[in-house]
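Down below is the structure, laid out as structure tokens.
Read the figures in this text as sums done on the coordinates, not as results from a lab. What you see is a predicted model, and the numbers here were worked out from it, not measured in a lab. Cβ atoms come from the backbone with ideal geometry, glycine included; neighbour counts cover every protein chain shown.
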Amino acid sequence: MTQKKDTENLINYNGTLTSANAPVFAVDNRAFRYGDGLFESIRIINGAMPLFHYHYPRLVHACEMLKLQLDKKFNATYFKTQILKVAKAKGLEENSRARLSIFRTAGGYYLPKSSKAEYIIEIRPLTEQGFELNHRGFKIDLYAEVEKPVSKLSSFKTCNALIYVLAALHRKEQGLDDCMLVNWKSRIIESIDSNIFIVKNGIVHTPPLAEGCVAGVMRDYVLHLLEKLNIEFIESPLSLEEVFTADEMFLTNAIHGVKWVGEYKSKKYDLKLAATLSEAMNKDLLNKW
């Protein structure tokens with residue numbers, strides 16, 4: 001009798017499928033020691049990655065900023081192939097999320113011995129079919145104990161994510177669905193894992209990247225979709241007062257699409273444009289694959 005191969009814990013490490021339970025890193029791994037790396041969270045639907053043409057340029061830009069040297073073969077087609085290789089091996093190519101982590105090869109102290117890039121791909125299943133809009137509005141609040149610094153690194157998803165870890169702990173302690181983060185000017189910039197949009201008098205507002213928010217893949221796509229739908233939008237700093245006086249608020253990220261925020265403290269928000277965008281997004285992205 002042939003023993004069934006266990007694929008549940010498979011990962012892709014530099015092109016080789018291996019068990020996540022097997023030793024992979026030495027103690028001098030630079031992502032562990034210094035947060036010396038970055039990552040992309042990528043949605044897989046029906047064997048395709050509908051937003052990969054947004055993910056890959058951001059990944060390349062981030063590697064250039066961090067002075068990570070990508071192998072010449074690490075083009076968009078290569079990474080798509082490697083992601084789907086592990087997704088198919090796990091039977092998760094129809095509906096899942098991939099995490100592509102890229103980090104500098106081990107060695108050195110603050111000064112690396114090499115800037116060659118390595119990678120790991122992890123795949124996790126999802127229950128949501130497509131980009132499902134939540135029917136119960138998120139309950140959110142402010143996390144302002146640590147302000148997010150504004151720099152050239154602010155817009156990238158690096159391996160240094162302590163502020164998001166602390167905000168997530170606060171979310172759990174307070175029984176919330178998410179938390180808004182602030183920059184050094186105490187202005188709203190993003191949530192734990194999403195970009196923030198508000199709607200006021202029919203106009204959509206979202207913080208510009210100069211405020212310190214992540215350059216979200218779904219953020220870019222939603223701005224494109226708003227333009228396509230002839231919906232007016234403005235990239236402008238968001239104060240707490242503007243959040244409190246908004247008619248609607250929603251969050252966006254590459255895994256879940258659009259999520260409606262129902263309340264912030266005593267403030268209640270409508271569900272209108274978020275529903276329109278979610279429907280348009282699913283038609284635009286999913287009908288192509």
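Worth a mention:
- Relative contact order of the range 10-125, taken over Cα pairs closer than 8 Å and 6 or more residues apart, is 37 percent.
- Over the range 138-286, Cα pairs under 8 Å with separation of 6+ residues give a relative contact order of 24 percent.
- Here Arg99 and Lys139 are evaluated by their C-beta separation; at R0 = 22 Å the FRET efficiency comes out at 0.25.
- Where only DSSP H runs of four or more residues are counted, the chain gives -8000 deg cm²/dmol as its mean residue ellipticity at 222 nm, each run worth -39500 (n - 2.57).
- Net lengthening on full extension, Ala89/Ser151 (0.36 nm per residue, minus Cα-Cα): 18.4 nm
- Computed FRET value (nearest 0.05) for Glu132 with Ala22, which takes r as the C-beta separation and R₀ as 30 Å: 0.30
- For the pair Glu8 and Lys73, label points projected 7 Å from Cα toward Cβ lie 3.2 nm apart.
- Nitroxide proxy distance, nm - points 7 Å out along Cα→Cβ at Asp284 and Ile163: 2.8
- Helix 217-228 vs. the chain, principal-axis angle (Cα, 0 to 90°, nearest 10): 50
- Available extension along the chain between Ile234 and Thr276 is 13.3 nm, counting 0.36 nm per residue and deducting the alpha carbon span.
- Listed by Cβ neighbour count within 10 Å, with the fewest neighbours leading, Glu147, Glu64, Glu173, Glu248 appear as Glu173, Glu64, Glu147, Glu248.
- Of the residues Trp184, Trp260, the one with the fewest other Cβ atoms within 10 Å heads the list, and the complete ranking is Trp184, Trp260.
- Computed over the chain, the range of Cα coordinates on each principal axis works out to 60, 46, 36 Å, biggest value leading.
- Nearest-ten-degree value, helix 273-286 long axis tilted from longest Cα axis of the chain: 30
- Taking other residues whose beta carbon is less than 9 angstrom from the beta carbon of Lys116, and scoring Lys, Arg as +1 and Asp, Glu as -1, yields -1.
- Relative contact order, percent, the chain [alpha-carbon distance under 8 Å, six or more residues apart]: 18
- Least to most buried among Glu279, Glu145 (fewest other Cβ within 10 Å first): Glu145, Glu279
- Helix 162-174 vs. the chain, principal-axis angle (Cα, 0 to 90°, nearest 10): 60
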